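The numbers here are math on the coordinates, done by the rules we state, and not lab data. As the structure is a computational prediction, the values presented were derived from the model and not from experiment. Cβ: placed from backbone, ideal geometry, glycine included. Neighbour counts: every protein chain shown.
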Amino acid sequence: MKAPRRTSLPHLGRRWWQLPLASLLLAAAVWMPPVQFTRPIFRYVVTFDITQSMDVEDVSMGGKPVSRLDFARAAMSDALQHLPCGSEIGWSVFSNQRSLLLLAPVEVCSNYDALLSSLDQITGKMRWVNSSVIAQGGLYSAIRAAAELGHNTDIVFVTDGQEAPPVAPNETSVRDIPQGLVHGWLVGVGGDQPAPIPKTNADGVRTGFWRADEVRQVQPTPDAPATAESHEELSELRETYLEAVAGHLGFGYKRLVAADSLRAPLTDARFAHPTPVATNVRWCPALLALVLLVWRFLPARRIVRKPKTANAAAIPAHGAMSRL
């Protein structure tokens, strides 16, 4: 019996052209310059309140109580991962009557590690005075700094809303700041129940808690007579106050309730600025080259043609029938 005859399918174009084309694609992947694409990006200066009320541990993360400042930094760290490349973030801290710019906005992807490292260093040890003048001081200077930076710089101001000395209940204005000069978010952090405020010394070491006779209490005025006992030695999120201040400025207001609470506000389309961004697309020709090389070195497909088979039962010749 003859062995089955094997025939191979012809190579598609004999595949001679894949190697030179793959070489050209790899060369393009090495030398191709970035391509300009217009995409929505964001530019913020994030200001953290570092006054002593931000040390109150009345929020939780991972089931454990943490300070308001630690919680705010964790939320910002999470938001950094979700900002598109080309976006820029800078850091600022607030104490006394002013916000101090620590880091001007830098691009988030190429400076991601530096941003995280510098964020970790923002603590209460940076505090230079114990007072906390938010509306008339911290927000005022934060907005002015953002306006001077220009380039569509928006701000995110994170605070519990506790002023020290306390302001009158109906006071929400920010001095000589026209609405719409800068856009941004006022972010509230803290619990709803008044909690003692830790007292720390110049080295950041806790020495107890503030007492009622050590802090200035809210004083009644003709327009706002006292309706309840003041407790400025205790602290809770002053959400109603912050919402009123945000409305006065034309800002958005957001409360931190989880570590991912800043993702949505910081990527809100209302704060996006369409900007040409250099984008690395070298992976496209590199991927095509890989596909061609895999195709080139795949083994050729072969098929086996089966030989024709004779009938299983032989037909007897005429006249050769057996006799009974």
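What to note about this one:
- In range of the label at Ser118: residues from region 190-204 whose backbone nitrogen is under 18 Å from the point 7 Å along Cα→Cβ: none
- A simple spin-label model places the labels of Ala286 and His248 5.3 nm from each other, with each point 7 Å out along Cα-to-Cβ.
- Bridging of Lys254 to aspartates and glutamates at a Cα separation below 18 Å is possible for Asp49, Asp58, Asp70, Asp78, Asp154, Asp160, Asp192, Glu236, Glu239, Glu243, Asp268, once same-chain residues fewer than 8 apart are set aside.
- Gyration tensor (alpha-carbon) shape descriptor, region 38-153, a/c threshold 1.5: oblate
- Annotation for region 242-290 versus region 122-144: alpha-carbon center distance of 25 Å.
- Within straight-line cross-link reach of Lys64, aspartates and glutamates at Cα separation under 16 Å, skipping those fewer than 8 residues along the same chain: Asp55
- Fewest-first ordering of His248, His231, His183 by other beta carbons within 10 Å of each residue's beta carbon gives His231, His248, His183.
- Hz values of 3J(HN,Hα) by residue in region 250-267 - Karplus curve (6.51, -1.76, 1.60), Gly and Pro given as x: x, 8, x, 10, 9, 9, 7, 10, 8, 5, 9, 5, 8, 4, 5, x, 6, 10
- Interchain or long-range residues, amide H under 5 Å from Ser99's placed H: Ser141, Ala142
- Cut-off under 5 Å, modelled amide H: who pairs with Val56 long-range: Arg68
- Antiparallel %, DSSP beta bridges [both residues in region 66-213], to 5: 65 percent
- Taking 0.36 nm per residue of separation and subtracting the current Cα-Cα distance, fully stretching the chain between Gln193 and Val30 would add 52.7 nm.
- Amide H contacts of Thr200 (H built 1.01 Å from N, under 5 Å, at least 5 apart or other chain): Thr207
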